[in-house]
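Comments concern the structure below.
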């Protein structure tokens with residue numbers, strides 16, 4: 001998975017001010033990047049997952065995930081927000097970075113769980129969190145996440 005996250009999948013200074021704006025942005029980008037063919041289906045999948053329970057984790061990170069047949073290939077998209085987003089989280093702190101998982105419906109029990117597990121493990125590492133928050137260019141953030149996915 002060395003090149004799984006591409007620099008083109010990392011978005012810095014994202015202007016989203018709400019969870020909904022963030023999920024709409026990620027859904028739209030999934031179509032623009034050729035990962036999915038229907039932004040509304042991806043958005044609906046992100047929203048359905050949030051309705052089950054927040055994907056806001058701790059220390060400023062969220063792991064939204066969408067599983068739908070509209071997604072053609074598994075991908076990870078990263079949005080670093082220009083400001084804090086009020087996103088229900090485990091520590092009740094705002095979100096600064098979303099590491100979004102986009103997974104084809106047929107891979108919901110396999111690829112999805114592998115990616116989710118690896119990202120969750122990365123987020124337990126204080127050094128990873130600090131590097132992700134401090135990262136100022138797309139390539140270094142993509143490389144940081146790819147290193148954790150290996």
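The values are calculated or read from the model by the stated rules, or taken from the named source; none is laboratory data. For clarity, every value in this text was computed on a predicted model and none was experimentally measured. Here the Cβ is made from the backbone with ideal geometry for all residues, glycine too, and neighbour counts use every protein chain on show.
Summary table
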read-out: Matching residues, the range 134-146, being outside any loop (DSSP other than H, G, I, E, B) and loosely packed, with under 14 Cβ neighbours inside 10 Å; value: 134, 139
read-out: Single unsatisfied condition, residue 24 versus (1) over 23 Å from residue 144 (Cβ atoms); (2) surrounded by fewer than 16 Cβ atoms within 10 Å (Cβ to Cβ); (3) at pLDDT 95 or above; (4) out of contact with any strand residue (DSSP E or B) (no Cβ under 9 Å at 6 or more places or on another chain); value: (2)
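Table: residues versus (1) surrounded by fewer than 13 Cβ atoms within 10 Å (Cβ to Cβ); (2) within 16 Å of the chain's Cα centre (by Cα).
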| site | (1), (2) |
| --- | --- |
| 47 | no, yes |
| 60 | no, yes |
| 72 | no, no |
| 76 | no, yes |
| 92 | yes, no |
| 103 | no, yes |
| 123 | no, yes |
| 148 | no, yes |
